[in-house]
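Worksheet: one structure, shown below.
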Amino acid sequence: MAQIWKLLKSAPPTALFGLAVIAAYILVAIFGPLLTPYGESEIVGSQFELWGEGFVLGTDNLGRDMLTRLIYGARNTIGIAFVTTCLAFLIGGVLGLLATTLGGWADQLLGRLVDVLMAIPILIFALLILTITGTSVPVLILVIAVLDSTRVFRLARSVSMNIVVLDFVEAARLRGEGTWWIITREILPNAMPPLVAEFGLRFCFVFLFISALSFLGLGIQPPTADWGSMVRDNATLITYGDITPLLPAGAIALLTVGVNFVVDWFLHKTSGIRDDK
Amino acid sequence: MAKILKMVTQRLALGFLTLFVVSMIIFLGVELLPGDFAQEILGQSATPETVAAFRRELGLDLPWYTRYFDWLGGVVQGDFGKSLASRRDVSDLIGGRLLNTLFLAAVAAAISVPVAMILGVLAALYRNTLFDRTINVFTLTSISFPDFFVAYILILFLAVNWNIFPSISNVSSDLGFWEHVYRVILPALTLTLVIVAHMMRMTRAAIINLLASPYIEMAMLKGISRSRIVTHHALPNALAPIINVIVINLAFLVVGVVVVEVVFVYPGLGQLLVDSVAKRDIPVVQASCLIFAATYILLNLTADVLSILTNPRLLHPK
């Protein structure tokens, strides 16, 4: 406990700000239903009501309470992005570590496959696949996780490349440990810091990516409350100088800023060399 | 010289191989995914006869390699097939829109490249000062913003509150050049804000790397002025990484246009792609994806080749 306190004290203000933002979002996402005055897609008023009593932030294009949907949006948008990132790390991380541990043709095959997949811009690739599969949440998670796992694969591979040649890995091999044991007990603990930082960055990317897809109307589908599609649905208000549509967009931006600040601090702490980039 | 030529040829060959494989993925991706896509489009209520007729019309009853090479042959000649939704030639739909997209990307690049270069060099020179830190926070923030957030903030202030620029970029071919620029200025600014951060961070890193090298230290010890060191000693060697940064970001720009075009209702290729995905108009999606992917790959290839060509060590072998 005292250690954590000390760590927090040494953190720059930007990192503290980031941590506070992340904590607030997690709390809102967990306790969402307790905080909201109405149901997720309950129609409670007329369309586009102004901010005021009853509806703190007004209502949306179908007369649903904006604040309620913002809070539920935290659950859906962050939840889906988080699950996707975890899945991408599971696929990319395992394959990346396997590639270096096994070496030889497995490494070559996976490497070339990832090269080709990465040659296509991820948004274009995702749009191509979603045209065929249609957009449901599980499909969305799977498609983005697979596409994103290529980036994780690259990092996991390049980090573990340097670890796999070290003596203790050799020793474990000579002891006759299995591949899985070597990956989880020898390589993974040493590859952790860059992977954790990458998790933060990948989460931001996936989160922005899903929001962009939803904004284009090709991501999370109504009536699920989601920040990207909320911006799209209420965008017309902007032309009247009403800032309501900026709220969900701002909510997205604030979280990614927070995570980026924390990752930046973490990178500074774990590697003295990474001054730039 | 022969070595450079060999490296460049290798890169080019690899690039075109990638392009070929990518075209195959784009075409056959439709194939490999589960489900019958004719059935999907016609809906569950379609009778087996209609589905069979539809498949025949699309040529889905032919083997995949025949269709792939037919398609590829057409693409090379500028024939992308017919749209499923509008029954028009895909190349008609794409032509003008592609030009619009390229125009938008060009305007964005014309603004963002000089700005990013200047800010990057300044941040590197005044490293770890308040100026540098401010820029660092600013770039971290702007990387984190979704494109549409930036776009709507610009619309709110520049179009709605102050009414300087139009919030919807409707363009037609009969507009004059400057009128065209005026109408795309907001989407171009949005793109600029999105990519300047990346570009300037990479420029800053490149220059800092260079300023740490011994020959720069030597120049400093000789008492040469700071500005002369940067312009005469550092910049020529930093050119290769900087060109690389610019080209890679241009590639990024080509894809970045998709969301921005939708926000500003700009008649470009990105908007066409999004509309076609919603309508599940496969030929149009394939054609647009191929164009985007090809541009992206070719720009990355250019970056690769340029970085070989501008590398002083390779140009003057011992």
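Could you list all residues from segment A:1-19 that are within 21 Å of B:THR134 (Cβ to Cβ) and not polar (S, T, N, Q)?
The answer is A:ALA11, A:PRO12, A:PRO13, A:ALA15, A:LEU16, A:PHE17, A:GLY18.
Of the residues A:GLY200, A:GLY272, A:GLY258, which is more than 9 Å from chain B (Cβ to nearest Cβ), at pLDDT 85 or above and under 24 Å from A:SER10 (Cα atoms)?
Going through A:GLY200, A:GLY272, A:GLY258 in turn, the sole match is A:GLY200.
Hey, can you tell me all the residues within segment B:67-88 that are more than 19 Å from B:GLY29 (Cα to Cα), under 25 Å from the mean Cα position of the chain (by Cα) and not in a helix (DSSP H, G or I)?
B:GLN77, B:GLY78, B:ASP79
Could you check A:GLY103 against (1) at positive phi; (2) touching a Cys at 6+ places or on another chain (Cβ under 7 Å) and say which number it fails?
Every condition holds for A:GLY103 apart from (2).
Which residue pairs have Cβ atoms closer than 9 Å, lie 6 or more positions apart in sequence or on different chains, and pair a first residue in segment B:293-304 that is within 11 Å of chain A (Cβ to nearest Cβ) and over 16 Å from B:VAL75 (Cβ atoms) with a second residue that is charged (D, E, K, R) and surrounded by fewer than 19 Cβ atoms within 10 Å (Cβ to Cβ)?
So the pair list comes out as B:LEU301/B:ARG11.
Which residues, counting only those in segment B:1-60, are at pLDDT below 75, assigned to a helix (DSSP H, G or I) and among the acidic types (Asp, Glu)?
Answer for segment B:1-60, where residues must be at pLDDT below 75, assigned to a helix (DSSP H, G or I) and among the acidic types (Asp, Glu): B:GLU31, B:GLU40, B:GLU57.
Quick one: which of B:LEU239, B:LEU189, B:LEU253 is crowded, with 19+ Cβ neighbours inside 10 Å, within 26 Å of B:VAL107 (Cβ to Cβ), of a type outside the set (Asp, Glu) and more than 14 Å from chain A (Cβ to nearest Cβ)?
B:LEU189
Considering only residues that are at the interface with another protein chain (Cβ under 9 Å from one of its Cβ atoms) and of a type outside the set (A, V, I, L, M, F, W, C), look in segment A:223-241 and name the one that is surrounded by the most Cβ atoms within 10 Å (Cβ to Cβ).
A:GLY228
Hey, could you check segment B:120-134 for residues that are away from every other protein chain (no Cβ under 12 Å) and touching a residue at least 24 places away in the same chain (Cβ under 8 Å) and say which is surrounded by the most Cβ atoms within 10 Å (Cβ to Cβ)?
Per the criteria, the residue is B:VAL121.
I'd like to check something: does segment B:133-155 contain any residue that is out of contact with any Phe, Trp or Tyr (no Cβ under 8 Å at 6 or more places or on another chain), modelled with pLDDT under 75 and not in a helix (DSSP H, G or I)?
no
Criterion first (at pLDDT 80 or above, within 14 Å of another protein chain (Cβ to nearest Cβ), assigned to a helix (DSSP H, G or I) and crowded, with 18+ Cβ neighbours inside 10 Å) does B:ALA108 satisfy it?
So B:ALA108 fails the test.
Given the residues B:LEU250, B:LEU239, B:LEU221, which is the only one that is more than 27 Å from the chain's Cα centre (by Cα) and either farther than 19 Å from B:ALA123 by Cα or assigned by TED's automatic domain parsing to the domain that holds B:LEU154 (or both)?
Residue meeting the stated conditions: B:LEU221.
I'd like to verify a number: residues in segment A:208-222 that are more than 9 Å from chain B (Cβ to nearest Cβ) and crowded, with 24+ Cβ neighbours inside 10 Å, how many?
The qualifying residues number 4.
Determine whether segment B:238-254 contains at least one residue that is among the polar types (S, T, N, Q) and within 30 Å of B:VAL184 (Cβ to Cβ).
So far as segment B:238-254 goes, yes, one or more of its residues are among the polar types (S, T, N, Q) and within 30 Å of B:VAL184 (Cβ to Cβ).
Regarding segment A:153-164, can at least one residue be identified that is touching a Pro at 6+ places or on another chain (Cβ under 8 Å) and not basic (Lys, Arg)?
Within segment A:153-164 (the criterion being touching a Pro at 6+ places or on another chain (Cβ under 8 Å) and not basic (Lys, Arg)), the answer is yes, since at least one residue qualifies.
A quick yes/no check of all residues on (1) within 30 Å of B:THR9 (Cα to Cα); (2) β-branched (Val, Ile, Thr):
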residue	(1), (2)
B:LYS222	no, no
B:ARG226	no, no
B:ILE229	no, yes
B:VAL254	yes, yes
B:VAL277	no, yes
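Just give me the residues in segment A:103-139 being under 30 Å from B:ASN249 (Cβ atoms), facing chain B (nearest Cβ under 7 Å) and surrounded by 18 or more Cβ atoms within 10 Å (Cβ to Cβ), in sequence order. Step through it out loud before you land on a result.
Within segment A:103-139, the first condition is being under 30 Å from B:ASN249 (Cβ atoms), and the residues that meet it are A:110-131, A:135.
Cutting the leftovers down to facing chain B (nearest Cβ under 7 Å) gives us A:116, A:119-121, A:123-124, A:127-131.
Of everything in segment A:103-139, those that are under 30 Å from B:ASN249 (Cβ atoms), facing chain B (nearest Cβ under 7 Å) and surrounded by 18 or more Cβ atoms within 10 Å (Cβ to Cβ) turn out to be A:ALA119, A:ILE120, A:PRO121, A:LEU123, A:ILE124, A:LEU127, A:LEU128, A:ILE129, A:LEU130, A:THR131.
Here are the criteria: (1) away from chain B (no Cβ under 14 Å); (2) over 23 Å from B:ALA293 (Cα atoms). Tell me which single one A:ALA145 does not satisfy.
Every listed condition holds for A:ALA145 apart from (2).
Taking the criterion of being among the polar types (S, T, N, Q), at pLDDT below 85 and within 18 Å of A:LEU127 (Cβ to Cβ), would at least one residue in segment B:70-85 satisfy it?
Yes, there is a match, as at least one residue in segment B:70-85 is among the polar types (S, T, N, Q), at pLDDT below 85 and within 18 Å of A:LEU127 (Cβ to Cβ).
The values are calculated or read from the model by the stated rules, or taken from the named source; none is laboratory data. Since the structure is predicted, the reported quantities are computational estimates derived from the model, not experimental observations. Virtual Cβ from ideal backbone geometry, glycine too; neighbours counted across all protein chains shown.
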